[in-house]
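**Q** There's a structure below that I have some questions on.
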Amino acid sequence: MTGPIGTNFIIYRTCYTVLDFNQSACEKLGTKDTDEVTQDIEKKVQPYANIITMTQSALTLIVPSILCLFIGPWSDRNGRKPIMIFTILGFIIRGIVTLIVALIDNLSPWYLLLGSIPAALFGGIAPLMMAVICYITDVTTEENRGFRMGMVDAMMALGMLLGTLCSSFVFEAGGYVLIYGLDLLMNILSCLFARFVIKESVPPNLDDEPIFAFENIKNMLRATFRRRENYGRAILLTTFCVSTISIFAFTADSSVLFLFLREKLHWDLEHYTLYSSVSSLTSIVGTFVGVGLLNKLLKIPETPLLIVGCLSYLGSSMLLGFAIKDWYIYAGKIVLFYYYYYY
């Protein structure tokens, strides 16, 4: 719900609090009510707003990636729930800071970093997803694990679809304050659900083991690089490399896509919200087709499906890069269909 709204908020606040443009002119940015003056302002605001967005992304991606090296081995012996709860607490702190920034009209968007820092230090999305995947691995069998993983991806996409569809209506009803207030409320409910509903999948460990133990890193590296039968080590390391490159490309693309479409095709927030809804729907369908039809029913092995997923992402990126009309963007999303199963 806060994805495109958050980018729009940074652009809006940068416009009049940092670059000192007229606030009434800044309110037209990202809307259909634009003229040559507004477009000129947008060209000056976007580069600066992109610096803030990139700084946020760096904080919320680099630090959690390092924390995963320590948190992963620790959770194998001490449980998944503490990781889930702790990371969501970081999102709650970020939500409080963001809501305060939205309430105080003259605060610079740089103050949003005061929320991004604790969100990163508390773990962020990477350790949260790691804990969720490990939890599913703990409570499923080898036969139904792929299906369960696919269902998690589908439910995440469904949540993104519902959030995107609601965001425009919520924004019109209460602006940025209502959007970020609901975001904070959802994170609080998620934290309560993780605390009181989800059952721990790892037996309790009575030893008082610190999280930041370098012995955990050594054990993880030994397990990763030890020799395995049937080229198992090479397959594992190749999988790591492919996943890292893929997520790097996907994250870099999604972080600047809204700014790219505003600049090149002059999309407004409403148009991008519609596109995001189509994107989420495509993700749901792609996951169900990939897991349910191709893998489960037709018994197609996962490796060919992964190759098709990579090729679909390549085709989608080329369509976006060479886009001169709106239909290129939607066609790129349709071509990306099989990537969601791979991802």
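**Q** Exposure proxy check: Asp208, Asp33, Asp326 ranked by fewest other beta carbons within 10 Å?
**A** Placing the least packed residue first, the sequence is Asp208, Asp33, Asp326.
**Q** Something else: Return the loop-located GluC sites (Glu not before Pro) in the range 114-191 (DSSP other than H, G, I, E, B) with at most 15 other Cβ atoms within 10 Å of their own Cβ; answer none if there are none.
**A** The qualifying sites are Glu142, Glu143.
**Q** Please give me the summed charge of the neighbours of Asp208: other residues whose Cβ is under 15 Å from its Cβ, Lys and Arg +1, Asp and Glu -1.
**A** -2
**Q** Can you sort Thr34, Thr239 from fewest to most other Cβ atoms within 10 Å of each residue's own Cβ?
**A** With the sparsest Cβ surroundings first, the list reads Thr239, Thr34.
**Q** Is it possible to state the helix-based mean residue ellipticity at 222 nm for the chain, with each DSSP H run of 4+ residues giving -39500 (n - 2.57), the sum divided by total residues, to the nearest 500 deg cm²/dmol? What is it? Write out the running numbers ahead of the final one.
**A** On the way: 13 runs with 256 residues, N = 343.
That calculation yields -25500 deg cm²/dmol at 222 nm.
**Q** Also, I was wondering about something else. At 20 °C and 1.002 mPa s, grab the translational diffusion coefficient of the range 196-254 from Stokes-Einstein with a Kirkwood Rh over Cα pairs, rounded to a whole number in µm² per second.
**A** D, rounded to a whole number, is 142 µm²/s.
**Q** Follow-up. Roughly how large, in nm² to one decimal, is the mean projection of the convex hull of the alpha-carbon atoms in the range 37-83? Present the calculation step by step, with values, prior to reporting the outcome.
**A** Working: hull surface 17.7 nm².
It is 4.4 nm².
**Q** Ok, one more. Working only with C-alpha atoms, what are the Rg and Dmax values of the chain, expressed in angstrom?
**A** Over the chain's Cα set, Rg and Dmax evaluate to 21.5, 67 Å.
**Q** Hey, another quick one. Work out which helices of the chain, taken as complete DSSP H runs, extend at least 20 Å along their axis over the Cα atoms and score a mean Kyte-Doolittle of 1.6 or more, then list them.
**A** Length and hydropathy pass: 81-103, 125-139.
**Q** I need the fraction of alpha carbon pairs in the range 1-59 separated by more than 17 Å, rounded to a whole percent.
**A** That tail contains 34 percent of the Cα-Cα pairs.
**Q** Which aspartates and glutamates, if any, have their Cα less than 20 Å from the Cα of Lys28, not counting same-chain residues under 8 positions apart?
**A** Asp20, Glu36, Asp40, Glu42, Asp105, Glu172, Glu263, Asp268, Glu270
**Q** Divide, for the range 149-257, the radius of gyration over alpha carbons by 2.2 N^0.38 Å, where N is the residue count.
**A** Cα-based Rg divided by the globular estimate yields 1.58.
**Q** Given the C-alpha atoms of the range 1-123, compute the convex hull and give its volume per residue in Å³. Show your work: numbers first, answer last.
**A** Values: hull volume 11.8 nm³, N = 123.
Residue-normalised Cα hull volume stands at 96 Å³.
**Q** Counting other Cβ atoms within 10 Å of each Cβ, which chymotrypsin sites (Phe, Trp or Tyr not before Pro) in the range 211-270 have at most 13 and sit in a DSSP loop?
**A** Phe212
Where a number appears in this text, it was derived from the coordinates with a stated rule and is not lab data. These figures come from a predicted structure and were not determined experimentally. Here the Cβ is made from the backbone with ideal geometry for all residues, glycine too, and neighbour counts use every protein chain on show.
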